[in-house]
Structure formats: structure tokens, C-alpha cells
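Working notes, beginning with the structure itself.
The values are calculated or read from the model by the stated rules, or taken from the named source; none is laboratory data. Please read these numbers as outputs of a predicted model, since none were measured by experiment. Note that we place each Cβ from the backbone using ideal geometry, even for glycine, and neighbour counts take in every protein chain shown.
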Amino acid sequence: MSNIARAFDHGKAFIAFITGGDPDIETTRKCILEMVRAGADLIEIGIPFSDPIAEGPVIQEADLRALTGGATTDDVLGVAADLRAETDVPMVFMTYLNVVFKYGYEKFFSKCREIGMDGVIIPDLPYEEKREASEVASKYGVDVISLIAPTSEERIKTIAADAEGFIYVVSSLGVTGVRSEIKTDLESILREIRKVSDLPAAVGFGISTPEQAAKIASYSDGVIVGSAIVKIVAKYGKDAPSHVYDYVKSMKDAIRGL
């Protein structure tokens with residue numbers, strides 16, 4: 001069983017995203033430890049990239065701040081290694097195919113195993129080309145997480161049947177970012193997924209309030225929050241960790257016991 005399954009073995013999972021290196025690596029480390037302390041069940045660490053096509057302005061700007069500050073892929077790998085010495089919470093990287101390709105598939109995924117990373121999310125990796133990365137990743141015990149967007153029933157089933165770790169359900173078409181309302185028929189998507197896969201399915205893109213989290217967690221296996229956390233980091237900078245703790249705790253408390 002994938003270590004990622006541990007995030008879902010005690011109720012609805014809260015999955016928290018943060019951009020590595022924004023505003024600096026040490027603040028990233030502190031924020032992640034505060035997320036874990038607040039109850040986050042799985043951590044997504046973004047490796048900054050200059051052209052993050054799935055991201056809205058909030059995370060685009062975070063990537064730019066991190067890169068301008070000098071953050072590198074090796075820096076983010078390093079903070080993940082440091083964190084693994086302090087927590088056993090499941091962790092995955094979120095980045096783009098060019099980052100992994102340029103680093104080298106073998107080198108990247110062997111490094112993931114070495115530092116104890118459980119998976120990777122690559123939003124611009126099409127399902128049809130997934131094998132390019134997943135065949136190497138599987139040698140090192142790293143799950144390549146599949147994303148499922150609102151699309152045809154058959155495509156949903158095809159992607160879900162081949163998924164590993166957990167299934168990332170995209171709440172709506174478009175890029176990441178806070179949304180006041182989510183109108184996608186997520187329950188129908190989740191029903192189609194569950195016809196072909198027993199993997200947990202968590203919903204992300206646009207979730208920012210405890211009320212939204214509770215509603216979506218009532219019919220999914222977990223919720224994923226990124227932009228709302230990154231906005232806190234943007235606002236408070238090096239003073240962000242305590243504020244991140246308060247926010248993550250409020251979100252986890254909203255889905256606890258569902």
C-alpha cells in the first residue's frame with residue numbers, strides 16, 4: 001500500500017499546498033511544520049517553475065517570488081529531506097514536466113525515494129504521456145498522481161482506472177485560485193471514479209473557506225487547498241507560519257468527523 005493511503009485512513013483528509021522557497025526556504029520549512037501541527041494529512045510542496053500554466057495569479061506570483069529569491073529545485077528537494085527527518089506525514093511534490101525532465105527522470109525520482117517523498121503531481125503531463133514519467137517513478141516507489149477535470153465519463157473512468165496514490169479531482173475548468181462558488185457536479189464525477197477505482201479521491205482548485213471544505217468533504221475523501229495558503233504567505237512573509245497554522249486548523253476542524 002502506498003504511504004499516501006495513510007493520509008486517508010483516519011477520516012476526511014486535508015491536503016495543504018505551499019510553494020517551496022516563497023519567500024525563502026526556511027519559511028517554507030516552518031510553514032509546513034505548522035501545517036502538520038494544525039492537522040494537515042498530506043503536504044504538497046510546489047517546486048517553482050517560470051511558466052506554471054495550471055496556476056492562477058496567486059501561485060504564479062509565488063513561483064516568481066521564489067525564483068527571484070534564488071530558490072532552485074535542489075533547494076526544494078533539500079527542505080523536503082529536512083522535513084522528512086521531522087515528520088512522517090505523507091508528502092508529494094507538485095511541479096511541471098519541464099522541471100522533472102530537465103533534472104532527469106532517473107535522478108529526480110531516485111532523489112525522491114532517497115528523501116522519502118511519496119508522490120509527484122505534474123499538471124501538464126497528459127494522461128496519454130504519463131508512462132514517460134510513471135515507469136521511472138514506479139522503480140523508486142513514487143506515485144505519479146492523476147488529475148481528473150470535469151470531462152467525459154469515459155475519460156474519467158480511463159484515467160481513474162490507471163491512477164495511483166490518490167486521485168486529484170479538479171473542481172472546475174480553469175486555473176487554480178480562490179472561488180466564491182463551485183458549480184461543477186462533483187458528485188457525478190466522484191460516482192464515475194468509484195465505479196472503477198478504490199483509491200481515495202480529493203477535490204482541489206478554488207476551495208478556501210471552512211464551509212466550502214465541509215461541503216465538498218461530505219461527498220469526497222478529502223479537500224486540497226493551495227491558493228488560500230499561498231495568499232497568507234504572500235501577506236505575512238517570514239511571519240506567515242503562525243497564521244498558516246490558524247488557517248489550516250480552521251479548515252481541518254471543518255471536515256473533522258465527517
With respect to Lys102, determine if the residue is touching a Ser or Thr at 6+ places or on another chain (Cβ under 9 Å) and of a type in the set (D, E, K, R).
yes
Identify the single condition in (1) crowded, with 16+ Cβ neighbours inside 10 Å; (2) in contact (Cβ under 8 Å) with a residue 12 or more places away in the chain that Val196 does not satisfy, given that it satisfies every other one.
(1)
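Please tell me if Arg65 is in a helix (DSSP H, G or I), out of contact with any Leu (no Cβ under 9 Å at 6 or more places or on another chain), touching a residue at least 40 places away in the same chain (Cβ under 8 Å) and among the basic types (Lys, Arg). Lay out the reasoning, then the answer.
On the way: in a helix (DSSP H, G or I): yes; out of contact with any Leu (no Cβ under 9 Å at 6 or more places or on another chain): yes; touching a residue at least 40 places away in the same chain (Cβ under 8 Å): yes; among the basic types (Lys, Arg): yes.
Criteria met by Arg65.
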Residue by residue through the range 72-91, note down the ones that are out of contact with any Phe, Trp or Tyr (no Cβ under 9 Å at 6 or more places or on another chain), in contact (Cβ under 8 Å) with a residue 12 or more places away in the chain and of a type in the set (A, V, I, L, M, F, W, C).
Val79, Ala81, Leu83, Val89, Met91
Return a yes/no flag: does the range 17-24 have any residue that is free of Cβ contacts under 8 Å to residues at least 24 places away in the same chain and not in a helix (DSSP H, G or I).
no
Looking at the range 126-153, which of the residues that are more than 17 Å from the chain's Cα centre (by Cα) and of a type in the set (Asp, Glu) is nearest to Asp41 (Cα to Cα)?
Glu135
Inside the range 67-78, can you point out the residues that are within 16 Å of Ile32 (Cα to Cα) and surrounded by 20 or more Cβ atoms within 10 Å (Cβ to Cβ)?
Val76, Leu77
Just the residues that are part of a helix (DSSP H, G or I), among the small types (Gly, Ala, Ser) and surrounded by fewer than 16 Cβ atoms within 10 Å (Cβ to Cβ), please, taken from the range 79-109.
Ala81
Go through the range 31-47 and give me each residue that's surrounded by fewer than 23 Cβ atoms within 10 Å (Cβ to Cβ) and either part of a loop (DSSP other than H, G, I, E, B) or modelled with pLDDT under 95 (or both).
Gly39
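Considering every residue within the range 48-61, establish whether at least one is outside any loop (DSSP other than H, G, I, E, B), touching a helix residue (DSSP H, G or I) at 6+ places or on another chain (Cβ under 6 Å), of a type in the set (A, V, I, L, M, F, W, C) and crowded, with 19+ Cβ neighbours inside 10 Å.
Yes, the conditions are met somewhere in the range 48-61.
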Pick from the range 199-216, criterion within 17 Å of Phe17 (Cα to Cα) and among the aliphatic types (A, V, I, L, M), ranking: surrounded by the most Cβ atoms within 10 Å (Cβ to Cβ):
Val203
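Could you look through the range 217-233, keep only residues that are farther than 13 Å from Tyr247 by Cα and not acidic (Asp, Glu), and pick out the one that is surrounded by the most Cβ atoms within 10 Å (Cβ to Cβ)? Break it down stepwise before answering.
Our first condition is that a residue be farther than 13 Å from Tyr247 by Cα; within the range 217-233, this holds for 217-224.
Filter again for not acidic (Asp, Glu), leaving 217-220, 222-224.
Numbers: Ala217: 23, Ser218: 11, Tyr219: 13, Ser220: 26, Gly222: 25, Val223: 26, Ile224: 28.
For the range 217-233, the residue satisfying everything is Ile224.
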Cβ contacts < 8 Å: first residue more than 17 Å from Glu129 (Cβ to Cβ), restricted to the range 101-118; second residue at pLDDT 95 or above and charged (D, E, K, R), any location; separation 6+ or different chain. Result?
Ile115/Arg84; Gly116/Arg84; Met117/Arg84; Asp118/Asp143
